[in-house]
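Okay, handing you the structure first.
The values are calculated or read from the model by the stated rules, or taken from the named source; none is laboratory data. Quantities reported herein were computed from a predicted structural model and do not represent experimental measurements. Every residue, glycine as well, gets a Cβ built from its backbone with ideal geometry; the counts of neighbours run over all protein chains shown. Quick note on the areas: whole protein, heavy atoms, side chains included, nothing else; ligands and nucleic acids left out. Shrake-Rupley method; radii C 1.70, N 1.55, O 1.52, S 1.80 Å.
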Amino acid sequence: MPQADLSVLAQERPLRILLLDAGAPDTLTWSGLYQPLRMAAKIVGPERLHVDVRSPDKFGADGARPWHLVLLVADESESGLKPANMRALVARCRATPFWGGVGAGVLWLADAGALGGVRAALPWSLYVEAGDSADSAVFTPHLYEIDDNRLTCSGGAASIDFALTLVEQLFGATVQAQVKEVLCVDRVRGPDERQRVALQARFGALQPKLTEAVTLMEANIEEPLSTDEIAQLAGISRRQLERLFKQYLGTLPSRYYLELRLKRARQLLLDTNHSIVQVGLMCGFSSGSHFSTAFGALFGKTPREERQRKLGQ
C-alpha cells in the first residue's frame, strides 16, 4: 500500500485527534505521544487542532462523533490490559479517516485482524505475544509506520519521534521546530530507523549466534567483514547465518549490515561536522559514488541533501 499523505488532514478545521488511553498516564509511551500533540494544539490554536483523550470503552459507545485521527495507546508492558470491547472499537476506528495504535495498541489491533496486509511497527518485545490472527500483518522493525490510512508506532521513546513527525506533516516544519524547542529535542528519528533494542533482549539466550553476528557487524563498521568471515567468526556456516537473519530479522546478513552502516553514516551526517567523504570512509565506503547511491536508495536523498537538512534546522 502507498504511504498516505497526512497533509490532507491539515485542511480540516479543526483537525480532531482522539487518543484512546488504554494504559497508565505516566508511561513514556503515553506522554511521548500526548505532550507534543498538546503543545502543537496550543501553538496553532483550537480552531486548527483539537486533541482529546478517552478510554476505549467510551469511544466504542460515543456514537458517530467525527474524529479525523484515532490512536489506541498503551505501553508495551501493559499488553495484558487489552480492552474488552475490541470488536466495537475496531468498527469505530474503521469509520475514521486515519487510525492505528501505539505500543501494545498495535498488538491488540493486529490480534483483532485490523492490520491485515499493513506494515506495522510492533514493539519487538511483543512479537512472541502476536497470535495466529495477527499473521496477516506485516510487522517491521521500524520505530513507526504510516501505511495507507493505518498508523502504528512501537512506543517508548519512539512515541516522541512519531508525534513530532505527525506535527510536521500536519502543520509544517515551523510548528514542529517550536515544539522541539520546548521539549529540548535536537533530532527527530525517521520511520525508516530501526528499534534499537539489544538482540539479547529480543531473543534472550535462544539465539546467541545471531547476537554474536550483529555484535561483530557493529564493531566493524569502518572495515566491514564479509558474510563468510562473520559466519566463520560466529562458528556457523554461511547458510545457517542467512537462515537466522531471515527468520528473526526478515533480511539477509549483507542487507542488514549495509543498512547498519548507512544508518551510522546518517547519524554522523546529522550529529558531527565530518565531511561527507570522511563519513563515507568511516562507514566502510571507499567509493563516494557507491556511498551516495546506497544512501539514496535507503533514505530517498543523497548524503549532501541530508547534511543540508541539518544545516537548515
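Whenever you get a sec, compute what percent of the accessible area on region 1-114 sits on carbon and sulfur atoms (1.4 Å probe). Could the numbers behind the result be given before it?
Details: 2590 of 4890 Å².
Carbon-and-sulfur percentage of accessible area, whole number: 53.
Only Lys, Arg, Asp and Glu count, each charged at its Cβ (+1, +1, -1, -1), so figure out the dipole size of region 228-268 about its Cα centre, rounded to 20 debye. It would help to have the intermediate numbers written out before the result.
Numbers: 9 positive and 4 negative charges, 38 e Å.
Charge dipole of region 228-268: 180 debye, to the nearest 20.
Whenever you get a sec, compute what percent of the accessible area on region 145-302 sits on carbon and sulfur atoms (1.4 Å probe). Before the final figure, lay out the partial values.
Numbers: 3810 of 7440 Å².
Percent of accessible area from carbon and sulfur atoms in region 145-302: 51.
Between region 68-114 and region 274-295, how far is it from one alpha carbon centroid to the other, in angstrom?
When both Cα centres are located, 42 Å separates them.
Related question: For region 212-223, in order, what is each residue's ³J(HN,Hα) by Karplus, 6.51 cos²θ - 1.76 cosθ + 1.60 with θ = phi - 60°, in whole Hz (x at glycine and Pro)?
For region 212-223, the Karplus-derived couplings read 5, 5, 5, 4, 4, 5, 5, 8, 10, 7, 6, 10 Hz, x marking Gly and Pro.
Among 245-251, 38-44, how do they line up by average Cβ neighbours within 10 Å per residue, starting with the highest?
Listed from highest to lowest mean packing, they are 38-44, 245-251.
I would also like to ask the following. Packing-wise, with mean Cβ within 10 Å as the measure, how do 159-170, 215-226 rank, highest first?
Per-residue Cβ counts within 10 Å, averaged per peptide and sorted highest first, yield 159-170, 215-226.
Which whole-number value in Å² is the accessible area per residue of the chain, probe 1.4 Å?
Working: 14350 Å² over 313 residues.
It amounts to 46 Å² per residue over the chain.
Here's something else I'd like to know. Note the count of lysine pairs whose C-alpha atoms are less than 30 angstrom apart in the chain, limited to pairs 8 or more residues apart or on different chains.
For the chain, the number of qualifying lysine pairs is 14.
Once you order the gyration tensor axes a ≥ b ≥ c over the Cα atoms, which shape class does the chain get: rounded for a/c under 1.5, otherwise prolate or oblate by comparing a/b with b/c?
oblate
What ranking, highest mean first, results for peptides 180-188, 255-263 when packing means the other Cβ atoms within 10 Å averaged over each residue?
Working: 180-188: 13.6, 255-263: 19.6.
The densest-packed peptide leads the list: 255-263, 180-188.
Give me the dipole magnitude in Debye, nearest 20, for region 106-190 about the Cα centre, with unit charges on the beta carbon: positive for Lys and Arg, negative for Asp and Glu.
260
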